[in-house]
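Structure first, commentary second.
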């Protein structure tokens, strides 16, 4: 499998804004050796615990060839203590028994835009979280473009073929601050917590 695992903290060109006080990157870009320019950015630098996190991304085809951006029907995630990773839309193993990949053709000079909505259920604690986004493309999609496999098709073969052709990109290290939801004091709480002198 041809894969460029480009982690932003190592092979990253930071652009745009930074979180105000901490100097944490909210935007990132990287350019592959083929001239594919990938950007990722967060809608917000701070969210409340229990809110979804929106990560936007774009791919600009600066190569001399047509590319086909790979999309997975159900994105897969890896979650650690304070890190969320959107995995590259590439079959994990050739033994996967489903094939749920789609392709968007991107001619030279064109831009593909999309976003991932990371559900709030992925993270349970407040604090500083790191987010990285996995993307992938192929130069040749012949034999790969299937909405789903039929009874006469072998998903093992299709997954293996895509895994062999796919070029993956992992872009991060985007940071977002998750804050605890502030407890609102109602009239009842306020009255019960005060004792006025007689």
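Structure data summary
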read-out: Some residue of region 107-119 being over 18 Å from the mean Cα position of the chain (by Cα) and assigned to a strand (DSSP E or B); value: no
read-out: Given (1) modelled with pLDDT of 95 or more; (2) not in a strand (DSSP E or B), number of the condition residue 136 does not satisfy; value: (2)
read-out: Residue count for region 120-133, restricted to those that are outside any strand (DSSP E or B) and surrounded by 12 or more Cβ atoms within 10 Å (Cβ to Cβ); value: 4
read-out: Matching residues, region 159-177, being assigned to a strand (DSSP E or B) and out of contact with any helix residue (DSSP H, G or I) (no Cβ under 7 Å at 6 or more places or on another chain); value: 167, 168, 169, 170, 174, 175, 176, 177
read-out: Of all residues in region 36-60 being touching a strand residue (DSSP E or B) at 6+ places or on another chain (Cβ under 8 Å) and in a loop (DSSP other than H, G, I, E, B), the one that is farthest from residue 178 (Cα to Cα); value: 43
read-out: Matching residues, region 91-106, being surrounded by 14 or more Cβ atoms within 10 Å (Cβ to Cβ) and either part of a strand (DSSP E or B) or within 17 Å of the chain's Cα centre (by Cα) (or both); value: 91, 101, 102, 103, 104, 106
read-out: Subset of region 61-90 (residues that are assigned to a loop (DSSP other than H, G, I, E, B) and within 16 Å of the chain's Cα centre (by Cα)); value: 73, 74, 75, 76, 80, 82, 87, 88, 89, 90
read-out: Of the criteria (1) out of contact with any strand residue (DSSP E or B) (no Cβ under 8 Å at 6 or more places or on another chain); (2) under 15 Å from residue 115 (Cβ atoms), which one residue 80 fails; value: (2)
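The values are calculated or read from the model by the stated rules, or taken from the named source; none is laboratory data. The structure displayed is predicted, hence computed values, not measured ones. Using ideal geometry, Cβ is built from the backbone for each residue, glycine included, and neighbour counts are taken over all protein chains shown.
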